[in-house]
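Bear in mind that the values in this text are calculations on the coordinates, not laboratory data. Values in this document were obtained by computation on a predicted structure and should not be read as measured data. Here the Cβ positions follow ideal geometry from the backbone for every residue, glycine too, while neighbour counts run over all protein chains shown.
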Amino acid sequence: MKNESLSINSNMSRETNRLEEFRKKRKTANDKILELDHLGVKRFFNLDSNTYKDGALTGQTKELLGLVASAVLRCNDCIDYHLEQCAKTGSTKDEIVDALNVALVVGGSIVIPHFRHAITTIEFLEEEGLL
């Protein structure tokens, strides 16, 4: 039992590093893309950022929608990003899991591996105190 606990904690450390590594790589890559100074690219990034601001729907609701779309499209990087944004905009774990259930129903069983990925990321966000 003690060895299992050590193994789980070791895996969580590696996985936590996965989330931290994702954040670093995303920022570095986005900075490089923006340094290209391409008008169309800058406009898309601006459109993306503004899409998630409060409007007829709250930013919180929009992030949950982004999470659902990301899960259905099976993009783990997008799932991680939107999970963090969901936490930052005030979504609860129950709300996030409910949104992931919508993704599961819409996307079918192919979403299950990405749901697993999301649950692990949720655990890291909880450890960090974001959820």
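Structure data summary
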quantity	calculated
Within the stretch 64-98, backbone nitrogen closer than 11 Å to the virtual label 7 Å beyond the Cα of R18 toward Cβ	76-77
Selected from S70, N30, Q60, residue furthest toward positive end of dipole (the stretch 18-109; charges at beta carbon)	N30
R0 of 30 Å, Cβ-Cβ distance A69-E35: FRET efficiency to nearest 0.05	0.60
Extension gain from N46 to T28, taking 0.36 nm per residue of separation minus the Cα-Cα distance	4.7 nm
Projected label distance in nm at I119 and K53, using a 7 Å step from Cα toward the beta-carbon	3.8 nm
Positive-end residue, the chain charge dipole about Cα centroid, Cβ charges, pick of S49, F115, Q85	S49
Cysteines without a disulfide-compatible neighbour (Cβ-Cβ under 4.7 Å), the chain	C86
For the chain, size of Cβ-based charge dipole, Lys and Arg +1, Asp and Glu -1, in debye	380 debye
Between 0 and 90°, nearest 10: helix 93-107 axis offset from the chain longest Cα axis	80 degrees
Angle between the chain longest axis and helix 112-127 axis [Cα atoms, degrees, rounded to 10]	80 degrees
Structure-based [θ]222 nm, the chain - -39500 (n - 2.57) summed over DSSP H runs of at least 4, per residue, nearest 500	-27500 deg cm²/dmol
